[in-house]
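Structure record follows, encoded as structure tokens.
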Amino acid sequence: MFDTFKKYGWFFKLRWKSYTFGVVALIICAILQVLNPIIIGTIIDHFIAGTLNWEILLFFVSLILVFSLVMYALRYGWRMALFGNSTLIESLLRNRLFTFFTRMDAEFYQKYRTGDLMAHATNDLAAIRFVAADGVLTLTDALSLGGITLFSMFVFIDWKLTLFSILPLPILIIVSTYLGKMIHARYRGALQAFSSMNNHVQESVTGIKVLKTFGEEKEDFVAFKEETQKVVDKNQRVYKLKAALSPSIEIIMGLTYVIALLVGGNYVQTGRISIGDLVAFISYIGMMQWPLLAVGGLINTLERGSAAYDRVENLLAYTPSIVETTNAYDQSLDGDIDFAIQSFTYPDDVHPALTNISFQLEKGKMLGVVGRTGSGKSTLYKLLLRDYDQYDGAISYNNINIKDYALESLKKGIAIVPQENFLFSTTIRENIRFGNPTLSQEEVEKYAILANIHEDILEFPEGYDTKVGERGVSLSGGQKQRIAIARALAVEPECLILDDSLSAVDAQTEETILSLLKQERRHKTTIISAHRISSIMHADEIIVMKKGKMSERGTHQQLIGINGWYNDMYQKQQLEKKLDGEGM
């Protein structure tokens, strides 16, 4: 049980002053609290002896009142100290987790689900917070109040009576230790079940349109009920063990009261103790009930916090595969790109995703990449962006291996507009200048014009102040793509990657955007992949991907002359274009 506090040792050292104050305040409160039974016993003895008068009564009542006021002030102080610290550790760990999430690579997010990560950042941190406050509070209060009460029973009442009365207590220690181990194991299962349920909620809310489109609301609800029931079942298993603690304590307290009354009554008859002493002793046993009951709550809090802390620590112990080298090049990207990959295989996969890919892209040139779905186009960009480093070969920028660049330099130098565009639930203006917050309105409009979205924005009632909703839900697919392109252009990247990011716009809009980009980025590198040949036909060089390999390579005219897959696809798309025109 106390191993849990060892895990929090770093935080206790950090906040030792406030914790010391809180603990000392709790101990003083316990001391003042155990004095009340002595005062009451003294009043009773005075009454029985016939020596009680108003002066004596007023003195003792005033003393109790003073003790109460002091305890009120101290209780306010330790609450501020302990609960303030618990909020602080939750804040520190939440910031640490968020920073950790922002630094993780693609492999990490393939391994962990979003709902599970959210559970770590919410439910687990709440359990950790309880240990930093309630755990320390309960332990200190139980030990101080219990210890001082026992001391008072030994010293101020009768040591033999105290020994007889506490004989059942070792049974409680054995039971608590056994149940604590079982509770810890079951709490881990309960936390994992909550993570699974949380992930289900996240996926269902995110994919609600798909659920409604396929009419799967009822089926998804049934699946969610099953997940919820698992959480209930797992927690009920914990509660069954927790429920066993209270009866154990009640039985032991009952035995203690019986022993105290039998032995204490005999001692009163023999004159060993007075009736006031027996009343005070019974009051002390009542005070001992709280520390004993607190043991159950303490075990519950500590085991839950320990399980949660282990989950968070195990997550933070994850070592990313993308690591910045020592003395990395912290300079802007500039120059040619040399791509030479002999083989790359995704983690947990057996078949290579890329094989023998080699090309050079000169600064200021445009490269087109085309191929069927799953041919390896997006994988090229993932390696260029260092989403994965485990490959045979090398990728260089200006004759420097990209693994030797500082990660920040790569992020600033390469911008990508992916197939799935993510917009933040803020205004269009803030989305465009997301990577460059200092942009003026004039500059924002410049990049919107380049992405051919400016006129669309002006048609909205609130213009650039229009809020796009979660993930850009209020916009069409083409509008989201063009805002994403404007956002990428706003950081002025040395290398711009458009990964099938014009699929939702019509041919005329696509031609306008590409024409503007070719003029604007004539001195910078651009890579475009697409399913439509029209998107890449004006590139300086075109690569055709097939099953992770380069099957064709050349300019548009050269590839047309080969009569391969590229020519077949081009002729097919031209025919479709003519048929669409005739249909109109």
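The values are calculated or read from the model by the stated rules, or taken from the named source; none is laboratory data. As the structure is a prediction and not an experimental result, all values here were calculated from the model. All Cβ positions, glycine included, derive from the backbone under ideal geometry; neighbour counts span all protein chains shown.
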### Message
Could you check region 456-494 and list, in sequence order, the residues that are among the β-branched types (V, I, T) and either within 23 Å of T526 (Cβ to Cβ) or not assigned by TED's automatic domain parsing to the domain that holds R386 (or both)?
### Response
I483, I485, V491
### Task
Would you be able to say whether some residue in region 172-183 is surrounded by fewer than 21 Cβ atoms within 10 Å (Cβ to Cβ), farther than 30 Å from I259 by Cα and in contact (Cβ under 8 Å) with a residue 12 or more places away in the chain?
yes
## Note on the structure
Within region 424-470, residues more than 36 Å from the chain's Cα centre (by Cα) and surrounded by fewer than 12 Cβ atoms within 10 Å (Cβ to Cβ) come out as E442, E455, L458, E459, P461
### Query
For region 353-367, does any single residue satisfy the condition of being in contact with a strand residue (DSSP E or B) (Cβ under 8 Å, 6 or more places away or on another chain) and either within 26 Å of Y112 (Cα to Cα) or not assigned by TED's automatic domain parsing to the domain that holds L559 (or both)?
yes
### Task
Would you check if K403 is out of contact with any strand residue (DSSP E or B) (no Cβ under 7 Å at 6 or more places or on another chain) and within 23 Å of A490 (Cα to Cα)?
no
### Query
What do you reckon, is K412 closer than 27 Å to Y329 by Cα, in contact with a Ser or Thr (Cβ under 8 Å, 6 or more places away or on another chain) and not in a strand (DSSP E or B)?
yes
### Task
Could you tell me whether region 97-104 includes any residue that is assigned to a loop (DSSP other than H, G, I, E, B), over 12 Å from the mean Cα position of the chain (by Cα) and more than 30 Å from V24 (Cα to Cα)?
yes
### Task
Take region 215-272 and flag every residue that is among the basic types (K, R) and either touching a His at 6+ places or on another chain (Cβ under 6 Å) or farther than 24 Å from F164 by Cβ (or both).
K218, K225, K230, K234, R237, K240, K242
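For (1) more than 20 Å from G276 (Cβ to Cβ); (2) at pLDDT 80 or above; (3) assigned by TED's automatic domain parsing to the domain that holds S306, each residue gets a yes or a no:
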{"residue": "F21", "(1), (2), (3)": "yes, yes, yes"}
{"residue": "I28", "(1), (2), (3)": "yes, yes, yes"}
{"residue": "Q33", "(1), (2), (3)": "no, no, yes"}
{"residue": "T42", "(1), (2), (3)": "no, no, yes"}
{"residue": "W54", "(1), (2), (3)": "no, yes, yes"}
### Query
Which helices (runs of 4 or more DSSP H) sit wholly inside region 1-96 and have at least 2 residues that are in contact with a strand residue (DSSP E or B) (Cβ under 7 Å, 6 or more places away or on another chain) and surrounded by 12 or more Cβ atoms within 10 Å (Cβ to Cβ)?
none
#### Entry: Which listed residue, of L137, L161, L125, is of a type outside the set (V, I, T), part of a helix (DSSP H, G or I), more than 30 Å from K382 (Cβ to Cβ) and in contact with an Asp or Glu (Cβ under 8 Å, 6 or more places away or on another chain)
L125
### Matching option when the condition is farther than 21 Å from L380 by Cα, in the same structural domain as N421 (by TED's automatic domain parsing) and modelled with pLDDT of 85 or more, among I536, I560, I497
I560
### Query
Condition test on F156, is it at pLDDT 75 or above and farther than 15 Å from M288 by Cα?
yes
